[in-house]
Amino acid sequence: MTNPPSTAAESSTDGPTKFPLVLGLDTFGDVTNDNDDRPLSHAQTIRNVVEQGVLADQVGVDFFGIGEHHTDDFPLSAGDVVLSAIAARTTRIHLGSAVTVLSSDDPVRVFQRYSTLNAISGGRAEVILGRGSSIDSFPLFGYDLADYEELFEEKAHLFSELLKGGPVTWQGKTRASLHNQDVVPHTESGPFPAWIGVGGSPQSVIRAARFGFSLMLAIIGGSPARFAPFSQLFHQALERLGQPARPVGVHSPGHVAVTDEQAREEFWPRYLEVIRHYCKIRGFAVPTKESFLHEIGPHGALYVGSPETVAQKIAANLTALRATRFDLKFGMGGLSHEALMANIELYGTQVAPRVRELLT
């Protein structure tokens, strides 16, 4: 398995263990608009994501992730297929999910798909597993939301067993048992990196430590500093459980443009439209311009601004959260493909180098 091409390293614990500083990009495949502000087709959106991943590799980004969704405005329901297309056209960037909704999928099939991606990419695959902040996949695949917690607990356990390699024996309530079952394809050089995405549950933090996953903090609103206890809990749990030290990462939304003003002007109307839509579904408060300006400020969860503004905020929050990885969830429904490509180029050529300067 290849390592991320980072050269900087930061300590994620109080001890001597060091992890590479990883700066990545995530997309949910938000449907983009053309130059006349008309939504592109799902097919063109998916083809554009491939081009975005290829550019991320070319400009030095460490990781490119695709989040699983099953809706008209997020048509990336088979991210591993898209990642394989990117893998065939890239040489160094790590590729993975952001996230895979394990609760409504089968751990064996997820393992097989990402083992296959790992083979295609020459050891560059990763997977971030989550329970899913949206529930669209549950009715789609015939799962009962009442089983939300049990599904993820059992499936995360099985996935952790699969990562160990060799024949697997496992028994649970949510799928058929395995008895000394060999699961293929085998990875060439040990398990690929696997993370648990956590949006606010201490139980999920403990689960990640217990099953031997790294921790990805999904911070999409409010002060990032409120997640510092989760990072601390994770390190403490690893120590209590006799597990080796593991890295902590941060995933948050944002948009990079040449100036702060341009970034705000491009992002704000699209952000308002998308969040207003989900307010009706999930009970969010409709953002105001004032609340938006707070979120993009030093104490908010959005990374919107010039390369210097975004880099300063990333560096500050990685330090505060004792994390060594940051994945910017770029894009927002309605932004153009050209704006997203500009975001990627600025992130790789200006934001990432600046963050490394600030942290080394």
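The values are calculated or read from the model by the stated rules, or taken from the named source; none is laboratory data. Treat the numbers as computed from the prediction; the structure is a model and nothing was measured. Note that each Cβ is placed from the backbone with ideal geometry, even for glycine, and that neighbours are counted across all protein chains shown.
Have a look at SER97, SER103 and point out the one that is among the polar types (S, T, N, Q), in contact with a Lys or Arg (Cβ under 7 Å, 6 or more places away or on another chain) and either closer than 26 Å to ALA209 by Cβ or surrounded by 18 or more Cβ atoms within 10 Å (Cβ to Cβ) (or both). Answer to the selection: SER103. For the range 181-212, filtering for residues that are without any contact (Cβ under 8 Å) to a residue 12 or more places away in the chain and in contact with an Asp or Glu (Cβ under 9 Å, 6 or more places away or on another chain) leaves 1.
Within the range 79-91, which residues are part of a loop (DSSP other than H, G, I, E, B) and either crowded, with 16+ Cβ neighbours inside 10 Å or in contact with a helix residue (DSSP H, G or I) (Cβ under 6 Å, 6 or more places away or on another chain) (or both)? Residues satisfying the conditions are ARG89, THR90.
Please verify whether VAL258 is touching a residue at least 60 places away in the same chain (Cβ under 8 Å) and either among the aliphatic types (A, V, I, L, M) or within 18 Å of PHE19 (Cα to Cα) (or both), treating the condition exactly as stated. Yes, satisfied. Pairs are defined by a Cβ separation below 8 Å, a sequence spacing of at least 6 or placement on different chains, a first member in the range 213-224 that is modelled with pLDDT of 95 or more and aromatic (Phe, Trp, Tyr), and a second member that is crowded, with 24+ Cβ neighbours inside 10 Å and in a strand (DSSP E or B); the pairs so defined are PHE213/LEU129; PHE213/ALA194; PHE213/TRP195; PHE213/ILE196. Would the range 100-118 turn up any residue that is over 22 Å from ALA87 (Cβ atoms) and in contact with a Gly (Cβ under 9 Å, 6 or more places away or on another chain)? Yes, the conditions are met somewhere in the range 100-118. For the range 272-295, residues that are among the hydrophobic types (A, V, I, L, M, F, W, C), more than 23 Å from the chain's Cα centre (by Cα) and assigned to a helix (DSSP H, G or I) total 1.
A single member of ALA311, ALA352, ALA339, ALA316 is farther than 26 Å from LEU215 by Cβ, part of a helix (DSSP H, G or I), in contact (Cβ under 8 Å) with a residue 12 or more places away in the chain and of a type in the set (Gly, Ala, Ser), and it is ALA339.
From the list GLY249, GLY242, pick out the single residue that is touching a Lys or Arg at 6+ places or on another chain (Cβ under 6 Å) and either over 30 Å from VAL304 (Cα atoms) or part of a strand (DSSP E or B) (or both).
On the way: GLY242 fails: touching a Lys or Arg at 6+ places or on another chain (Cβ under 6 Å).
None of the others qualify; the one that does is GLY249.
Looking across the range 302-332, just one residue is under 30 Å from ASP34 (Cα atoms), charged (D, E, K, R) and surrounded by fewer than 21 Cβ atoms within 10 Å (Cβ to Cβ), and that is GLU308.
Contact map, the range 150-174: first residue closer than 23 Å to HIS186 by Cβ, second residue among the β-branched types (Val, Ile, Thr) and surrounded by fewer than 15 Cβ atoms within 10 Å (Cβ to Cβ), Cβ cut-off under 9 Å, separation 6 or more or different chains; pairs are GLU161/THR169. Once the range 94-135 is narrowed to residues that are touching a residue at least 60 places away in the same chain (Cβ under 8 Å) and assigned to a strand (DSSP E or B), the residue that is farthest from LEU55 (Cα to Cα) is GLY130. Counting the residues of the range 121-134 that are among the hydrophobic types (A, V, I, L, M, F, W, C) and either modelled with pLDDT under 95 or surrounded by fewer than 17 Cβ atoms within 10 Å (Cβ to Cβ) (or both) gives 0. Can LEU76 be described as within 15 Å of the chain's Cα centre (by Cα), hydrophobic (A, V, I, L, M, F, W, C) and under 30 Å from ARG276 (Cα atoms)? Judged against the criteria, LEU76 is a match. Against the test of being surrounded by fewer than 23 Cβ atoms within 10 Å (Cβ to Cβ) and among the aliphatic types (A, V, I, L, M), the options VAL61, VAL54, VAL22, VAL49 yield a single qualifying residue, VAL54.
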